[in-house]
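Data first, discussion second: the structure below is written as structure tokens.
Every read-out reported here was derived from the displayed coordinates using simple, explicitly stated rules and does not represent laboratory data. Bear in mind that the values here come from a model prediction, so they are computed numbers and not experimental data. All Cβ positions, glycine included, derive from the backbone under ideal geometry; neighbour counts span all protein chains shown.
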Amino acid sequence: MSALDELKQKIIFVFIEDQRYMYIIKGLRTTIIVTLLALLLGLVIGILVAVVRTAHDQMDKKGLTGLPGLIMNILNAICRVYLTVIRGTPAMVQLLLMYFVFLASSTNKVLVAVLTFGINSGAYVAEIFRSGIMSIDKGQMEAGRSLGLGYAMTMQQIILPQAIKNVLPALVNEMITLLKETSICGYIGLNEMTRGGDIIRGITFEALLPLLVVAAIYLAIVMFFTWIMGKLERRLRESDNR
Amino acid sequence: MITVNHLYKSFGDHDVLVDINEHIAPGEKVVIIGPSGSGKSTFLRCMNLLEQPTSGQIIFDGVDITQKGVDINEIRRHMGMVFQHFNLFPHLSITENLTLAPIKLKLMCREEANEEAMRLLNLVNLSEKADAYPGQLSGGQKQRIAIVRSLMMKPKMMLFDEPTSALDPEMVGEVLGVMKDLANDGMTMAVVTHEMGFAREVATRVLFMDEGVIMEQGTPEQIFNDPQNERTKEFLSKVL
């Protein structure tokens, strides 16, 4: 039997027999669902935390006191603790804690994964946004305020649209990291793509082929995002010259 | 229009404004001159609370705007401000720059705002730039748009913070031209500038500031032809 035939037999045995490829297909679906939902949650948390942090820092300079000052100080303290704890501990540990402790009553593993990675990603997204907001000239805020727009309105209409544009490449990067990081979900028994490949390995005692395919799919998705990011950056540069 | 009583402003240990008392009547065009670091920009920026005074009163249109509980956003609508660096919104077209605040503050509907924007753009001969973006305009054009953006709010008073200092020399004239038209229309204006020609021609009153204090003030003739204060003389001898 030639080497080619041997490979063909192996592929049939590893992937086709008993429709084992479905482990990877279904896993891929779970991976994408977890990544997208976690990304959305992370964006929401990230923007909120970034706005609180910058608002607090700007307010600090102006010396706001009284109840609004106190509330801002408390919110800012919460955000700082959140950033420190989330960025200071491994995502893996956070996932296990979430599954075995904080959400031990939940049987929905996708939910646990989405919450964990959403909260985790939010911390990184927050710092990305904060740097984006700080990169906008303070004259923009002053111009908005001088027209009678409130702080929140100026933030929403003038600062954030420009900041988001500036940080889009960094955000795509965060999304790529998030996608790959979801591969640890196997540790809580969630059948995402990496675990799908690993299950096939366990059944067939063939490690190379299933894991290689899993790796190739991750790579393809990441390359796709990188390509999109490249296009995006070019588009943004064009609009800067307009 | 606006009255400033015992205005103090310090940044840390540094006293930028020391006991400023001033009244600007409706229709006045007050030009503030002085060396850099004299506090003239800070004084201007205190008038609409872009700079929070350390102490003192600012009474605009009968309301003490330094009081707690005053809706500063509402007050600022009536005080247009033009900045040295224009501060147009680069992600919005010229029309959107002009109409954003009136629409978001529900002062005009979109059609009204667009109409008003067109009318004002025509006045400054920039109607063909309505759909352009700030990045496509020259400095002089940007500053004229910035002035028009303030005018969209139909302000009772306009503050100008060195409006021509960031411009190439050949563009200064077009901006000053728009400001002169505005002055002739009776707008109350406070202008921080180094354009002595403009001060001479347009000002009803010139303030000379140094070290956080209004050292001398008077009509342009008094200040430029017969200054009394030694500091004023020294400053004018350098800039004229």
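Identify all lysines with a Cα-Cα distance to B:LYS106 below 19 Å; exclude those on the same chain that are fewer than 8 residues away in sequence.
Those lysines meeting the cut-off are B:LYS154, B:LYS156.
Under a straight-distance cross-link criterion of Cα-Cα below 26 Å, which lysines are reachable from A:LYS26, leaving out those fewer than 8 residues away in the same chain?
A:LYS8, A:LYS10, A:LYS109, A:LYS180
Could you size up the charge dipole of region A:3-241 around its Cα centre, putting +1 on the beta carbon of Lys and Arg and -1 on that of Asp and Glu, and report it in debye to the nearest 20? Each step should come with its number before you reach the end.
Working: 22 positive and 17 negative charges, 83 e Å.
So the magnitude is around 400 debye.
Taking the Cα centre of the protein assembly as shown as the origin, how large is its charge dipole in debye, to the nearest 20, when only Lys and Arg (+1) and Asp and Glu (-1) carry charge on their Cβ atoms? Mind showing how you got there, number by number?
Numbers: 46 positive and 50 negative charges, 343 e Å.
Dipole about the Cα centre, nearest 20: 1640 debye.
Which order results if B:PHE86, A:PHE15 are arranged by neighbouring Cβ count within 10 Å, fewest first?
On the way: B:PHE86 23, A:PHE15 20.
Arranged by neighbour count, lowest to highest, B:PHE86, A:PHE15 become A:PHE15, B:PHE86.
To the nearest 0.05, what FRET efficiency results for A:THR89 and A:GLN156 with a Förster distance of 30 Å applied to their C-beta separation? Could the numbers behind the result be given before it?
Numbers: r = 32 Å, r/R0 = 1.08.
E between A:THR89 and A:GLN156, to the nearest 0.05, is 0.40.
Which of A:TYR99, A:TYR151, A:TYR82 moves the most in a Gaussian network model of chain A with Cα springs under 10 Å?
Looking only at A:TYR99, A:TYR151, A:TYR82, the biggest GNM fluctuation is shown by A:TYR151.
Please report, to two decimal places, log10 I(q)/I(0) for the protein assembly as shown at q = 0.12 Å⁻¹ as given by the Debye formula with identical point scatterers on the Cα atoms and no solvent.
-1.07
As an exercise, use a Förster radius of 30 Å and the Cβ-Cβ distance of B:ALA132 and B:HIS14 to find the FRET efficiency, rounded to the nearest 0.05.
Details: r = 41 Å, r/R0 = 1.38.
Efficiency, rounded to the nearest 0.05: 0.15.
When chain A is modelled as a GNM with alpha-carbon springs shorter than 10 Å, which of A:VAL214, A:VAL110, A:VAL81 fluctuates the most?
Maximum fluctuation in the GNM of chain A, among the listed residues, is at A:VAL81.
Which of the lysines could a cross-linker bridge to B:LYS233, judged by Cα under 28 Å and excluding same-chain residues fewer than eight apart?
Straight-line reach from B:LYS233, under 28 Å: B:LYS9, B:LYS29, B:LYS40, B:LYS180.
Rule-of-thumb check for region B:1-134: C-alpha Rg over 2.2 N^0.38 Å? Please list the in-between numbers first.
On the way: Rg = 17.6 Å, N = 134, 2.2 N^0.38 = 14.1 Å.
That ratio works out to 1.24.
Which whole-number percent of Cα pairs in chain B have a distance greater than 22 Å?
Values: 15417 of 28680 pairs.
Pairs farther apart than 22 Å: 54 percent.
So if R0 is 45 Å, what FRET efficiency would A:SER105 and A:THR226 give, r being the distance between their Cβ atoms, rounded to the nearest 0.05? Mind showing how you got there, number by number?
Numbers: r = 40 Å, r/R0 = 0.88.
With R0 = 45 Å, the Cβ-Cβ based efficiency is 0.70.
What trypsin sites (Lys or Arg not before Pro) does region B:1-92 have in DSSP loop regions with at most 13 other beta carbons within 10 Å?
Numbers: sites: B:LYS9, B:LYS29, B:LYS40, B:ARG45, B:LYS68, B:ARG76, B:ARG77; in loops: B:LYS68.
Passing sites in region B:1-92 are B:LYS68.
How fast does region A:3-241 diffuse by Stokes-Einstein, in µm²/s, taking the Kirkwood radius from C-alpha pairs at 37 °C and 0.692 mPa s? Don't skip to the end; give the middle numbers.
Working: Rh = 20.4 Å.
Estimated diffusion coefficient is 161 µm²/s.
Taking N as the number of residues in region B:48-127, what is its Cα Rg relative to 2.2 N^0.38 Å? All intermediate terms of the calculation are to be shown ahead of the outcome.
Working: Rg = 15.5 Å, N = 80, 2.2 N^0.38 = 11.6 Å.
Cα Rg divided by the expected 2.2 N^0.38 Å: 1.33.
Going from the alpha-carbon gyration tensor of region A:86-149, what semi-axes, largest first and in whole Å, does one get by taking the root of 5 times each eigenvalue? Could the numbers behind the result be given before it?
Numbers: eigenvalues 293, 35, 11 Å².
Semi-axes (√(5λ), whole Å): 38, 13, 7.
Averaged over peptide B:195-203, how many Cβ atoms belonging to another chain are found within 10 Å of each residue's Cβ? Walk me through the numbers on the way to the answer.
Working: counts 0, 0, 0, 0, 0, 0, 0, 0, 0.
What the average comes to for B:195-203 is 0.
Mind listing which chymotrypsin sites (Phe, Trp or Tyr not before Pro) in region A:167-242 are in a DSSP loop and have 11 or fewer other Cβ atoms within 10 Å? Each step should come with its number before you reach the end.
Working: sites: A:TYR187, A:PHE205, A:TYR218, A:PHE224, A:PHE225, A:TRP227; in loops: A:PHE205.
Here the sparse-neighbourhood loop sites are A:PHE205.
If you stretched the chain out fully between A:ILE33 and A:MET134, how much longer would it get, using 0.36 nm times the residue separation minus the C-alpha to C-alpha distance?
Details: separation 101, 0.36 × 101 = 36.36 nm, distance 3.20 nm.
Full extension from A:ILE33 to A:MET134 adds 33.2 nm.
Counting other beta carbons within 10 Å of each Cβ, put B:SER93, A:SER106, B:SER237, A:SER121 in order, fewest first. Please report the intermediate quantities before stating the final value.
On the way: B:SER93 17, A:SER106 12, B:SER237 9, A:SER121 26.
Sorted ascending by nearby Cβ count, the order is B:SER237, A:SER106, B:SER93, A:SER121.
Within region A:64-170, which trypsin sites (Lys or Arg not before Pro) sit in a loop by DSSP and count at most 13 neighbouring Cβ atoms inside 10 Å?
Values: sites: A:ARG80, A:ARG87, A:LYS109, A:ARG130, A:LYS138, A:ARG145, A:LYS165; in loops: none.
Hits after loop and neighbour filter: nothing returned.
So, in nm, how far is label A:THR177 from label A:ARG80 when the simple model puts each one 7 Å beyond its Cα toward the Cβ?
Modelled inter-label distance: 2.2 nm.
Can you give the net charge of the other residues whose Cβ lies under 15 Å from the Cβ of B:HIS194, counting K and R as +1 and D and E as -1? Numbers along the way, then the final one.
Numbers: positive: B:LYS40, B:ARG200, B:LYS238; negative: B:ASP161, B:GLU162, B:ASP168, B:GLU195, B:GLU201, B:ASP210.
Its environment carries a net charge of -3.
Considering every pair of different Cα atoms, what Kirkwood radius, in Å, is found for region B:60-178?
Details: mean 1/r = 0.0672 Å⁻¹.
Kirkwood radius, region B:60-178: 14.9 Å.
So what is the calculated 222 nm ellipticity per residue for chain A, using -39500 (n - 2.57) for each DSSP H run with n of 4 or more, over all residues, to the nearest 500 deg cm²/dmol? Working shown, then result.
Details: 10 runs with 187 residues, N = 242.
One gets -26500 deg cm²/dmol as the mean residue ellipticity at 222 nm.
May I ask which residue of B:GLN57, B:TYR133, B:PRO227 lies farthest towards the positive end of the charge dipole of chain B, with charges of +1 (Lys, Arg) and -1 (Asp, Glu) on Cβ and the Cα centre as origin?
B:TYR133
Find how much the distance from B:THR204 to B:VAL239 grows on full extension, using 0.36 nm per residue of separation minus their present alpha carbon separation; answer in nm with one decimal.
On the way: separation 35, 0.36 × 35 = 12.60 nm, distance 2.01 nm.
Additional length available on full extension: 10.6 nm.
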